[in-house]
Amino acid sequence: MDRSKRAVRVAGSLAEAYPGAECELDFRSPWELLVATMLSAQSTDVRVNQVTPELFARWPQPKDLASAPQTEVEDMIRSTGMFRTKAASLRATARAVAEDHGGTVPADIDGLVAFRGVGRKTAKVVLGEGFGVAAGVTVDTHVRRLARRLGLTEAEDPEKIAGELESLLPRDEWIDFSKRLILHGRRVCKARSARCDECALEELCPKVGVQR
């Protein structure tokens, strides 16, 4: 089976397995989503969701977080890891949103990646989940691993993987495909213990790198 056919069938099987797939970060606005996604780097959604309620209660708007003391932000987000770098990036991004965008998160990828600490992966998440804009396939560690395992790419670089997946799938599949593949990687096709006997993709998967 060639990659394009496999990708379409994988997307269809994932849609059946995870019809209501949602982003697992808690947020109420594009701004909160941007902050939560920045915090999720090298952390987990569960951990981020434990931190953000207090963070947003104390500094609800970009202008509030922009003026927050660095050390206080660090203490608030310490458990998410890389807290000094993340605190500095959050404050700088909050200042840019407040001063350059009137407190509103821009709905375009160029505007988002201009912020400190915001890469294309984060921008795609914010655009897809916050604005419903399919800017591309989001490639996190799960998507990177499963795309290779499923034989959809041989690339290592996340942006190259994203480009290949985007060429294999129609644009209206990009947002949901990312979410579903991430959920599948968390729940079934795990890095160290792939549960192939429970996998909805078992018949489609060449099991690249899976120990048998």
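The values are calculated or read from the model by the stated rules, or taken from the named source; none is laboratory data. Owing to the predicted nature of the structure, the values given are computational and were not obtained by experimental measurement. Using ideal geometry, Cβ is built from the backbone for each residue, glycine included, and neighbour counts are taken over all protein chains shown. Accessible surface is based on the protein model in full, side chains and every heavy atom, while ligands, DNA and RNA are left aside. Shrake-Rupley method; radii C 1.70, N 1.55, O 1.52, S 1.80 Å.
FRET efficiency for Ser29 and Arg171, Cβ-Cβ distance as r, R0 = 25 Å, nearest 0.05? Each step should come with its number before you reach the end.
Details: r = 25 Å, r/R0 = 0.99.
The pair Ser29/Arg171 has a calculated efficiency of 0.50.
Spatially close Lys pairs in the chain, defined by Cα atoms under 25 Å apart and a spacing of eight or more places or different chains, total 23. Surface exposure of the range 150-212, expressed per residue as accessible area with a 1.4 Å probe, stands at 57 Å². Only Lys, Arg, Asp and Glu carry charge here, each on its Cβ (+1 for the first two, -1 for the last two); on that basis the range 63-142 has a dipole of about 220 debye about its Cα centre. The shape of the range 49-94 comes out oblate: with a ≥ b ≥ c from the C-alpha gyration tensor, a/c is at least 1.5 while a/b does not beat b/c.
Build a GNM of the chain with springs between Cα atoms under 10 Å apart, and of Pro170, Pro158, Pro62 the one that fluctuates most is Pro170. Quick check: Cα centre of the range 136-188 to Cα centre of the range 45-117, how many Å? Measuring centre to centre over Cα atoms gives 27 Å.
Using just the alpha carbons, could you tell me how many Å³ per residue the convex hull of the range 92-212 encloses? Mind dumping the intermediate values first?
Values: hull volume 13.5 nm³, N = 121.
For the range 92-212, the hull spanned by Cα atoms encloses 112 Å³ per residue.
Which length gain, in nm to one decimal place, applies between Cys196 and Lys63 when the Cα-Cα distance is subtracted from 0.36 nm times their residue separation?
Taking 0.36 nm per residue and subtracting the Cα distance, the gain is 43.1 nm.
With all pairs of different alpha carbon atoms counted, what Kirkwood hydrodynamic radius in Å does the range 9-79 show? Don't skip to the end; give the middle numbers.
Details: mean 1/r = 0.0732 Å⁻¹.
Kirkwood radius, the range 9-79: 13.7 Å.
Which of Leu169, Leu127, Leu112 moves most in a GNM of the chain, Cα contacts under 10 Å? It is Leu169.
Measure off, as a whole percent, the carbon and sulfur share of the 1.4 Å-probe accessible area of the chain, all protein chains present. Mind showing how you got there, number by number?
Working: 4970 of 10600 Å².
Using a 1.4 Å probe with all protein chains present, the chain comes out at 47 percent carbon and sulfur.
I'm a student and want to see the number: the projected area of the Cα convex hull of the chain, averaged over all directions, in nm².
Working: hull surface 46.1 nm².
Its Cα hull, projected and averaged over all orientations, spans 11.5 nm².
Roughly speaking, what is the stretch gain from Arg78 to Lys5, that is 0.36 nm per residue apart minus the C-alpha to C-alpha distance, in nm to one decimal? Don't skip to the end; give the middle numbers.
Values: separation 73, 0.36 × 73 = 26.28 nm, distance 4.45 nm.
Separation in residues times 0.36 nm, less the Cα-Cα distance, equals 21.8 nm.
Build a GNM of the chain with springs between Cα atoms under 10 Å apart, and of Arg187, Arg148, Arg28 the one that fluctuates most is Arg28. Summing Cβ point charges (Lys, Arg +1; Asp, Glu -1) relative to the Cα centre of the chain gives a dipole of roughly 680 debye.
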